[in-house]
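Here the structure comes first, spelled out in structure tokens, and everything after it is commentary.
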Amino acid sequence: MKKDHQEVPIKCTGIAAVLLKKCNDECKVLLMKRAAPPLKDAWCYIGGSIEAGEEAWEAALREIQEETGITKISLYSSNQFDQFYSKRGNYIYIAPVFVGFVEGEQDVVLNQEHTAYQWLSFQEAKEIALPGNDEVLEFIEKHFVKKKPSIWLHIGGGTNDV
């Protein structure tokens, strides 16, 4: 006897981006405090929707600029994904995570989505990050800070684009 099964759909409609910058010979991570539900007062990295006609990496660059005012970065795909289960919608949300190395001195200018920001050490960031985000940060620290990131992951890196 065959049983019917209910599927849990997977949705990928957004991106996440982790910004890094050198501060006194240490690589710091930007986390921002969310202003509104559902993540009100949670410390997060950048996230947002992919708009019609955009590639995921283009959405990452746009969201970085909208949420922080930062425009000069070297962008990489991290080969990691933000993911969570939505009880309300009964779906799994997944978003590619990008890594942006901030070039030069650029001030963070928050939009209305955030109330505060901090440049933190990886250890500090992992301690206050949402469950799952700490694992993404651990991976980024290992593959983008402790060693040089792969050219194959660089966005806009010429003929080696993935």
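The values are calculated or read from the model by the stated rules, or taken from the named source; none is laboratory data. No experiment lies behind these values; they were computed from the predicted model shown. Note: ideal-geometry Cβ built from the backbone for every residue, glycine included; neighbour counts use all protein chains shown. Just the protein is used for accessible areas: all its heavy atoms, side chains included, with ligands, DNA and RNA removed. Shrake-Rupley method; radii C 1.70, N 1.55, O 1.52, S 1.80 Å.
Is any residue of region 1-28 close enough, with backbone N under 17 Å, to a label point placed 7 angstrom from the Cα of Tyr85 along the Cα-Cβ axis, and if so, which? Taking a point 7 Å out along Cα→Cβ of Tyr85, the residues of region 1-28 whose backbone N falls under 17 Å are 5-11.
Accessible area per residue for region 28-162 is 57 Å², calculated with a 1.4 Å probe on protein heavy atoms, without ligands, DNA or RNA.
Rounded to the nearest 500, the 222 nm mean residue ellipticity of the chain from helices alone is -5000 deg cm²/dmol, with -39,500 (n - 2.57) taken per DSSP H run of at least 4 residues.
Would you mind pulling out the separation of the Cα centroids of region 1-65 and region 131-146, in Å? Distance between centres, Cα-based: 14 Å. The label-point distance for Ala36 and Gln123, in a model that sets each label 7 Å from Cα toward Cβ, rounds to 3.7 nm. Computed over Cα pairs, the Kirkwood radius of region 5-162 leads via Stokes-Einstein (0.890 mPa s, 25 °C) to a diffusion coefficient of 152 µm² per second. For trypsin sites (Lys or Arg not before Pro), the sites in region 1-85 that DSSP calls loop and that have at most 12 other Cβ atoms within 10 Å are Lys2, Lys3, Lys40, Lys72. Going by accessible surface with a 1.4 Å probe and the largest first, Glu105, Glu67, Glu135 read Glu105, Glu135, Glu67. Computed on protein heavy atoms with a 1.4 Å probe, the accessible areas place Phe98, Phe84 in the order Phe84, Phe98, largest first. Placing unit charges on each Cβ (+1 for Lys and Arg, -1 for Asp and Glu) gives the chain a dipole about its Cα centre, and among Leu30, Val8, Leu137 the Cα reaching farthest toward its positive end belongs to Val8. Here's the list of aspartates and glutamates a cross-link from Lys40 could span, going by alpha-carbon distance under 12 Å and ignoring same-chain residues fewer than 8 apart: Glu113. Ignoring any ligand, DNA or RNA, what whole percent of the accessible area of region 11-153 comes from carbon and sulfur when the probe is 1.4 angstrom? For region 11-153, the apolar C and S fraction of the accessible surface comes to 50 percent. Partner lysines whose Cα lies under 23 Å from the Cα of Lys146, excluding those fewer than 8 positions away in the same chain, are identified as Lys21, Lys22, Lys28, Lys72, Lys126.
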